[in-house]
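The next block holds one structure in the form of C-alpha cells; read it before the comments.
Values in this text are rule-based calculations from the coordinates and carry no lab data. Computed from a predicted structure; not experimentally measured. Methodologically, a virtual Cβ is constructed for each residue, glycine included, from the backbone with ideal geometry; neighbour enumeration extends over all protein chains shown.
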Amino acid sequence: MVGVVTDTDERLRRPATLRSLSLGEMKVTYLPDGVVPLAPRGWLPETSDAVWADHPEYLDESGYLVASIGGLLVQAGDRAMLIDAGFGPGSLPPEPGDPRGTVQGGALLDGLAAVGCPPERIEAVAFTHLHVDHIGWAPRGVFPEADHLVAEPEWSGRSHIVAHGTTEEMLAALAPRVRTVRDGEEIFPGVRVLFTPGHTVGHTGYVISSGGQRLVAFGDALHSPIQVDHPQWRAASDHDAGLSGASRRRVVAELERPDTIGYGVHFADVVFGRVRRDGDGPGWRPLP
Ligand SMILES: [Zn+2]
C-alpha cells in the first residue's frame, strides 16, 4: 500500500522515547530501557503475509515489529513507584527459531536521572509479570527501598517462568522483597491491580485513576497496537491462548471507555494512546 508517510507511521516503527503525561494530580513517565525486534508472523502466528502487506506501517526496514522495553514511573507528589523494570544492562540473543530478535536494555536508570527521581525514592516496583524484559533491573538491587509487587498467581506459578530468560537466581534475588497482590487491590494512591491472565499464569495490569481520568497499564496482554483492532490475535509466547484472548478483549473494552488512556509497554513509540472506533482508521490513537 503506497500512501503518505505520517509522523504516526514513523513512531510505529521506532523504539519509544521518554514521555510524560499528567493524569489529574499524578504524573506518569515512560522510561525507555531498550528494544526487541519481533518477527510479525512468528510473534502473531494467526496473521498472514497479506495482513502485513496491507500494514507495512508497523514494520521496520528489516520487516520486524519494533517492541519497546521499559518501565512506567508513577509519581504522586513526592511519592514514586514503577510499573515494570525493563530488561537491564546487556542483551539476550534469540534461541534458534525464536520469533524475537536480540533483546537489548540498559537505559532505564538514565531516564530516572533525567526526570530527577533517584532510584532510592522508588517505594514499590509492581510487575505485570515475571518475564526477563519486565523484572530486568530489580534483581540487581538498584531499588533499595522498593517492595516488589507480584500478582499472587504469578508468584505461586513462577516455575512456569524459568526457561524464558528469567533465571532461578533472579527470582531468588527478588524473593525477600516480594509482596503478592490481589485483583482489585490498591497498591499506591489511585493505583489498583487488574488481573489479566493468559500471557503468563498470573499476568496483571494496573489501573491508575486521578482527577476523573484513568490510565490502564495492560502489560503484555497486547504487544502491538494492531492487536487493538484484532484482539483475537494471540502472541506466540502466550502461556494460555484461551485466557490471553479473554484478557485482550477485556483490556480493549476497558480502553474504549471514556476518559481512559492506554499504556502499552511494548508499543513502539506510541506507548500512550486512546482507543476510538469512529471512522475507518486504526483503533489505537497515540497521544502526541
Ligand atoms: Zn514483555
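Which of E120, E61, E169 ends up with the largest GNM mean-square fluctuation for the chain, with Cα atoms connected below 10 Å? Ranking E120, E61, E169 by mean-square fluctuation puts E61 first.
Taking the empirical scaling 2.2 N^0.38 Å for compact globular proteins as reference, the chain has a Cα radius of gyration ratio of 0.93. Mean residue ellipticity, 222 nm, helices only, the chain: the sum of -39500 (n - 2.57) across DSSP H runs of n ≥ 4, divided by residue count and rounded to 500, is -5000 deg cm²/dmol. In the elastic network of the chain, a GNM with C-alpha springs shorter than 10 Å, the most mobile of D269, D238, D278 is D278.
Plainly put, region 77-221 has a radius of gyration that is 0.96 times its Kirkwood radius, both from alpha-carbon atoms, as the Rg/Rh ratio. Each of A172, L109, W284 was scored by the projection of its Cα onto the charge dipole of the chain, and the greatest displacement toward the positive side belongs to W284; charges sit on the C-beta of Lys, Arg, Asp and Glu. Per residue, the average separation of C-alpha pairs within less than 8 Å and at least 6 apart gives region 49-204 a relative contact order of 18 percent.
Normalised by the number of residues in region 7-286, the average gap of Cα pairs under 8 Å and 6 or more apart makes the relative contact order 18 percent.
Distance between Cα centroids, region 171-205 to region 12-30: provide it in whole Å. Answer, in whole Å: 21.
Normalised Debye scattering of region 1-134 at q = 0.13 Å⁻¹ gives log10 I(q)/I(0) of -0.65, counting only Cα atoms as equal scatterers and leaving out solvent.
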